[in-house]
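Please read the structure below before turning to the comments.
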Amino acid sequence: MRRTRRGYRQDGFILIVVLGAVLMLSALLFGFNQRSRSSLDKADGFYRTEQAWDGAWAGVQIAVATIRDVNDICTDPQFAKLLRGENTFSLEDANCAITIAEENGLLNVNRLKSEDGELDRRRIDQFLRLIDQLNRQQKDSQRIGYGILPCVIDWIDGDDDVTCLPFVKQENTGAEDGYYGMRPQPYSCRNRPVDSLDELRWVKGMTSQSFCLLRPFLTCVGDGKININAAPKLVIQSLSEQIDAALAEMIVNQRKLRPFRTTMELRNIPGMTDKIHRSFRDSITISPAERFYRITSQGRVQDHKCTIEALLRRNTQAGTVDIVQYREQ
């Protein structure tokens, strides 16, 4: 039977409708597939991130156990790799890298003034020498100004008097509320010791670059005495104007062979005279009253990573290790 032209048109219309429906269903299925794949990727990414966090937290617990069970990890050769950041552990699917640094080997910014409010000239001079040493390693455009120091003092002291350091020729004036209140986004001067070094970012004159340069050599915990078995070379050199880079390097090399058991052993270092030793012996210790450690633990699973930084305090009497500060990056 011969079909009419109208019949062909109807068949063509039905074919177009069917093709359109197939295309719509295909588009819907494609979109559903993409959303499902995206959801699965997000779920897998979340799972991997959680694994990385578990690895980082496990690293912190390893550090806590180590510090609790060992009296002084800085003098124990078994834990030298932990102090250099060379230890990596495998924890199921995660890898964990741990670094431990003793805070007692750093300059305590909260001790720039004594408890009775008097400037501690010895520690202030040490801070100035540290600035000089860092500046020698930088280009002129990257220099740290002396003005940071009186501003840090005003930031951590409890009064509203602007500090002036008469023994510094330039940039010797600090800042109190009068300065910070006039900022485009005003805020108050802290006027009390800092709990975290990150709070120093708000200090007048403290640029991001200056903070990054200073931070590895500063702390906000401890009694202020420098543990000579843990201090970085620049901190040792900043202890006295009579300690040059060569003598500081010899001290570091000597303690690698055998940590100092008394501060008097430093007198046996070649080039160490009685005069030099007297100039800094009251600023150092080999057995801090409280030991503080900064832990950096990074967990990694494939391309996902989590870094935890924690400040730990070893309580010798109670035999415990307390987490003083904690943050994730």
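The values are calculated or read from the model by the stated rules, or taken from the named source; none is laboratory data. Source: prediction; values computed, not measured. Heads up, the Cβs are rebuilt from the backbone with ideal geometry, glycines too, and the neighbour counts pull from every protein chain shown.
Among the residues making up the range 252-291, those that are assigned to a helix (DSSP H, G or I), surrounded by 18 or more Cβ atoms within 10 Å (Cβ to Cβ) and among the hydrophobic types (A, V, I, L, M, F, W, C) are 266, 276, 280.
From the list 179, 146, the lone residue that is more than 21 Å from the chain's Cα centre (by Cα), among the hydroxyl-bearing types (Ser, Thr, Tyr) and part of a helix (DSSP H, G or I) is 179. In this structure, is residue 144 crowded, with 20+ Cβ neighbours inside 10 Å, modelled with pLDDT under 95 and β-branched (Val, Ile, Thr)? Answer is yes for this residue. Residues of the range 238-251 that are assigned to a helix (DSSP H, G or I) and more than 13 Å from residue 269 (Cβ to Cβ): 238, 245. Go through the range 307-321 and give me each residue that's part of a strand (DSSP E or B) and modelled with pLDDT under 90. Passing the criteria: 314, 315, 320, 321. The residues in the range 149-176 that are over 28 Å from the mean Cα position of the chain (by Cα) and of a type in the set (A, V, I, L, M) can be counted, and the count is 3. Within the range 252-263, the presence of a residue that is under 27 Å from residue 156 (Cβ atoms) and without any contact (Cβ under 8 Å) to a residue 40 or more places away in the chain is excluded. How many residues does the range 92-117 contain that are buried (at least 20 other Cβ atoms within 10 Å of the Cβ), in contact (Cβ under 8 Å) with a residue 60 or more places away in the chain and in a loop (DSSP other than H, G, I, E, B)? Going through the range 92-117 one residue at a time, the tally reaches 1.
Quick grid of which residues meet (1) surrounded by fewer than 18 Cβ atoms within 10 Å (Cβ to Cβ); (2) touching a strand residue (DSSP E or B) at 6+ places or on another chain (Cβ under 9 Å); (3) in the same structural domain as residue 251 (by TED's automatic domain parsing); (4) not in a loop (DSSP other than H, G, I, E, B):
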| residue | (1), (2), (3), (4) |
| --- | --- |
| 186 | yes, no, no, no |
| 212 | yes, no, no, yes |
| 216 | yes, yes, no, yes |
| 221 | no, yes, no, no |
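Would you mind stating whether residue 154 is acidic (Asp, Glu), at pLDDT below 95 and either in contact with a helix residue (DSSP H, G or I) (Cβ under 8 Å, 6 or more places away or on another chain) or within 28 Å of residue 104 (Cα to Cα) (or both)? Considered against the rule, which asks whether it is acidic (Asp, Glu), at pLDDT below 95 and either in contact with a helix residue (DSSP H, G or I) (Cβ under 8 Å, 6 or more places away or on another chain) or within 28 Å of residue 104 (Cα to Cα) (or both), residue 154 comes out as no.
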